[in-house]
Amino acid sequence: QVQFVESGGGLVQPGGSLRLSCAPSGSIFGIYAMGWYRQAPGKARELVARIASGGSTNYADSVKGRFTISRDNAKNTVYLQMNSLKPEDTAVYYCRAESLMGQYWGQGTQVTVSS
């Protein structure tokens, strides 16, 4: 079964940047939207950003102007460029792919913003 694998997480100082990537482990078809979600300790998982196959995007208010989502439709890969990171951005970040056959979640990658 195809899985989605995230990469690019890590430890960064406040004000720093990270770029997350999420790619499938094999061939997959029918992906119409991809997104990034995050879950901080003791909190519910929340949408960070989502991008449809046509390129339309939506962002959580807390990340607007700092994060940018993009995708490579040919590779079914989604990226999240995170700039001006804040301690409150610390969370496990998950990618999600929505397809005609259902949804796929990655295993998550830890992002820690701390001095």
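Brief remarks on what is shown
- The chain - share of DSSP beta bridges that are antiparallel (%, nearest 5): 90 percent
- Applying both filters, DSSP loop and at most 15 other Cβ atoms within 10 Å, to the chymotrypsin sites (Phe, Trp or Tyr not before Pro) of segment 1-105 gives F29.
- Inter-label distance for R45 and T112, nm, one decimal - labels placed 7 Å from Cα along Cα-to-Cβ: 2.2 nm
- Our compactness index for segment 32-115, the C-alpha radius of gyration over the empirical 2.2 N^0.38 Å, is 1.07.
- Each residue of segment 8-23 is assigned a 3J(HN,Hα), and the resulting list reads x, x, x, 9, 9, 7, x, x, x, 10, 9, 10, 9, 10, 9, 9 Hz, derived from the Karplus form 6.51 cos²θ - 1.76 cosθ + 1.60 (θ = phi - 60°), x at Gly and Pro.
- Contact order normalised by residue count of the chain, Cα under 8 Å, 6+ apart, percent: 37 percent
- Fully extending the segment from S84 to Y32, taken as 0.36 nm per residue of separation minus the present Cα-Cα distance, adds 15.8 nm.
- For a label point 7 Å along the Cα-to-beta-carbon line of W105, residues of segment 46-63 with backbone N under 20 Å: 46-51, 60
- Nonlocal amide H pairs with F67, under 5 Å, H built at 1.01 Å: N83
Read-outs: derived from the displayed coordinates by stated rules, not from any lab. These numbers were taken from a predicted model, which means no experiment stands behind them. Neighbour counts run over all protein chains shown; Cβ positions are idealised from the backbone, glycine included.
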